[in-house]
Structures are given as structure tokens and as C-alpha cells.
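> What follows is a single structure, and I will ask about it in a moment.
The values are calculated or read from the model by the stated rules, or taken from the named source; none is laboratory data. Since we're looking at a predicted model, the values are computed, not measured. Neighbour counts run over all protein chains shown; Cβ positions are idealised from the backbone, glycine included.
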Amino acid sequence: MSDTSITHQLDTAFARQGENPAAPAGRAADFFALLKPRVMTLVVFTGLAGIVVAPGDIHPVLAFTALLCIAVGAGAAGCLNMWYDADIDARMARTVLRPVPSGRIEPGEALGFGVTLSVGSVLIMGLAINLASAALLALTIAFYVFIYTMWLKRRTPQNIVIGGAAGAFPPMIGWAAVTGGISVESVVLFLIIFFWTPPHFWALALFRSEDYARVGVPMLPVVAGDHETRRQILLYSLILAPLTLLPWVLGHAGPVYGVPTALLGAGFVALAVQVLREARPEGEAPVYTSAKRLFGYSILYLFIVFGFLMGEHWLVQWGLVSL
């Protein structure tokens with residue numbers, strides 16, 4: 001997409017706001033947008049899964065507090081990401097309308113907002129819950145901001161692979177909020193999200209590769225090409241599908257979780273195969289139909305997998321099924 005098209009999108013956005021991007025009502029929405037609410041939803045859900053399936057009890061008020069801290073911490077990391085990446089966001093069609101590059105929020109405001117929420121969420125988690133969960137939350141924020149955003153994202157095509165660890169911590173944080181530590185079970189939950197992230201994000205990167213190429217971000221499609229990205233998506237999908245069955249294999253979950261998860265994993269791999277089959281020889285126009293399907297499916301996939309994990313846990317607690 002040309003710079004003229006991006007400018008047109010920005011002008012259109014301001015027009016919809018009555019050409020007053022600093023309006024008070026709009027500013028509240030813009031500060032909320034800095035928290036990346038869509039990403040936060042997934043983070044909160046997987047963090048909740050860690051709280052629910054962890055052994056032991058936690059008072060509902062404390063559980064809500066822990067979940068709120070996870071949400072705010074994740075939002076703070078997203079806010080700092082938007083602050084740091086404002087220069088490239090302003091040149092990408094997918095991100096040009098974000099609050100900072102569009103000028104609706106000043107960079108200093110975004111920085112202060114993100115730092116305040118980061119420190120506050122970690123402090124409250126440590127004071128109200130326990131030090132282990134607070135330490136993991138601090139590690140998550142620091143990893144996303146310093147390791148992924150500031151170091152990896154603009155330097156290596158493995159940015160998503162390594163940086164994806166930040167998004168995989170929430171169930172471990174939830175688990176630690178209940179138990180005061182980590183265990184094999186929580187590490188398995190971490191690994192599921194860790195190996196889910198590359199095929200999920202590379203599916204998006206395939207049909208947004210021009211954006212990344214324009215700003216010099218070395219996403220895999222830009223550096224390794226379309227075909228290699230599709231191959232890597234399939235490889236990670238082949239690891240992910242059996243990995244999601246580990247809770248069942250290790251006896252931490254039963255068939256209520258395992259059977260539908262196996263079917264969902266087969267669907268994930270089938271879509272990844274379709275993505276690879278849509279690869280075209282160099283010089284031909286690429287096709288992204290399956291990549292877009294896989295991207296959408298991958299979001300639903302993770303919600304359903306963790307939903308079944310929590311659902312079976314509740315059924316066991318109510319005595320309706322046994323592991």
C-alpha cells in the first residue's frame with residue numbers, strides 16, 4: 001500500500017472524529033486502545049485458565065485481583081510497544097491509525113501511561129497475591145518490551161519465535177497466583193502458547209508482508225520468502241497439535257479435554273497443509289486465502305483448547321466426570 005493510501009486512511013479517521021482527534025471522549029478510548037484490548041482478551045483468558053486448573057484454592061476476590069493485574073500488565077506492555085514502535089506504525093497500513101502514530105496521543109503520554117501501569121500491576125500483584133506471580137508478571141512485561149520490541153523485532157526473523165515467550169507466560173502467572181510457584185503442568189501450558197504463536201502470527205505476516213518490508217522489519221516472509229514461511233507454519237503446527245495433548249498424556253486432563261483438542265489440532269494441521277499447497281512459484285501472484293483462514297482459526301483454536309481445559313476441570317470438581 002502506498003504512503004498516499006496510508007495518509008488517506010489517517011485523514012479519514014480524523015474526519016470520523018469530527019476533525020478533533022484530541023476530544024476528551026476520544027482520548028479515553030485512545031488510551032484504552034493503547035492497551036491492545038484484543039490481545040489482552042486472549043491474555044486474560046489464558047491467565048484465567050492457569051488460575052482455574054491450578055491445584056489449591058484462592059479467594060475469588062484475590063483471583064479477580066490477580067486476573068486484573070495480568071490484564072493491566074499485558075496492556076501496559078502493549079502500550080509501551082506502541083510507544084516504541086510509533087515510527088514504523090506510522091508507515092504500516094495495519095497500524096497507521098493507532099493513537100500514537102496518528103497523533104491522538106503524545107509519545108510521552110503513552111510512555112508515562114505504560115510505565116505507570118507496569119509498575120502498578122506488578123506492585124499490586126506482589127502485595128495482594130504473592131512474589132512469584134509478581135516476578136513472572138514483571139518478567140513478562142520486561143521480556144515483551146525490552147527483548148521482543150526493542151531488541152528482536154527489528155533485528156531477526158526469529159523475533160516471533162523468541163519473543164512469543166512473553167505471550168505464553170499468563171497461564172504460568174495465573175498458576176503461580178494460586179500455588180506460589182511453577183510446575184510441569186504450568187510449563188506445558190506455557191509451551192502450548194509458545195508453539196502456537198509462530199504459525200498464528202506468520203499466517204498474518206504472509207498477507208501483511210508488504211507492510212513489514214516497507215519499514216524494514218525482518219519478519220520471516222520478508223527475509224526467507226513466501227514458500228519458506230508456509231513450510232515453517234506447517235512444521236510448527238505439527239509440533240503444536242501433539243503438544244496440546246500433553247495435559248491428557250500426563251494425566252492432568254482427561255478425554256473431555258483430550259478428544260476435542262485432538263480434533264482441533266488435526267484441523268489446525270489440515271489448514272497449515274492448505275497454506276503450504278497455496279504456495280506459488282516465484283513471479284506468480286501469491287494466494288493468501290488459506291493463510292487468512294488459519295489466522296482466524298488459530299485465535300478460535302486457542303480459546304477453545306483452554307476453554308475445554310477449564311470446562312473439564314469444573315466438571316471434575318462437580319463430580320460429573322473423573323480423570
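> Of the residues E282, E312, which single one is modelled with pLDDT under 95 and farther than 27 Å from T95 by Cβ?
Details: E312 fails: modelled with pLDDT under 95.
Only one candidate passes the filter, namely E282.
> Considering only residues that are small (G, A, S), surrounded by fewer than 12 Cβ atoms within 10 Å (Cβ to Cβ) and modelled with pLDDT of 50 or more, which ones fall in the stretch 6-55? If you could, list the steps in order and put the result at the bottom.
Narrowing the stretch 6-55 to residues small (G, A, S): 13, 15, 18, 22-23, 25-26, 28-29, 33, 47, 49-50, 54.
When the remaining residues are screened for being surrounded by fewer than 12 Cβ atoms within 10 Å (Cβ to Cβ), the result is 15, 18, 25, 28.
The answer is A28, and nothing else.
> Have a look at M92, M82, M150 and point out the one that is outside the structural domain of M219 (by TED's automatic domain parsing), of a type in the set (A, V, I, L, M) and modelled with pLDDT under 95.
From the options M92, M82, M150, the qualifying one is M92.
> Assess whether F295 counts as being assigned to a helix (DSSP H, G or I), in contact with a His (Cβ under 8 Å, 6 or more places away or on another chain) and crowded, with 16+ Cβ neighbours inside 10 Å.
So F295 passes the test.
> Of these, A224, A285, A266, A279, which one is farther than 26 Å from F169 by Cβ, small (G, A, S), without any contact (Cβ under 8 Å) to a residue 12 or more places away in the chain and outside the structural domain of I88 (by TED's automatic domain parsing)?
Numbers: A224 fails: without any contact (Cβ under 8 Å) to a residue 12 or more places away in the chain; A266 fails: without any contact (Cβ under 8 Å) to a residue 12 or more places away in the chain; A279 fails: without any contact (Cβ under 8 Å) to a residue 12 or more places away in the chain.
Going through A224, A285, A266, A279 in turn, just one is farther than 26 Å from F169 by Cβ, small (G, A, S), without any contact (Cβ under 8 Å) to a residue 12 or more places away in the chain and outside the structural domain of I88 (by TED's automatic domain parsing): A285.
> Moving on. Picking from Y301, Y212, which residue would you name as being assigned to a helix (DSSP H, G or I), surrounded by 18 or more Cβ atoms within 10 Å (Cβ to Cβ), within 21 Å of the chain's Cα centre (by Cα) and modelled with pLDDT under 95? Lay out the reasoning, then the answer.
On the way: Y301 fails: modelled with pLDDT under 95.
That would be Y212, the only listed residue that is assigned to a helix (DSSP H, G or I), surrounded by 18 or more Cβ atoms within 10 Å (Cβ to Cβ), within 21 Å of the chain's Cα centre (by Cα) and modelled with pLDDT under 95.
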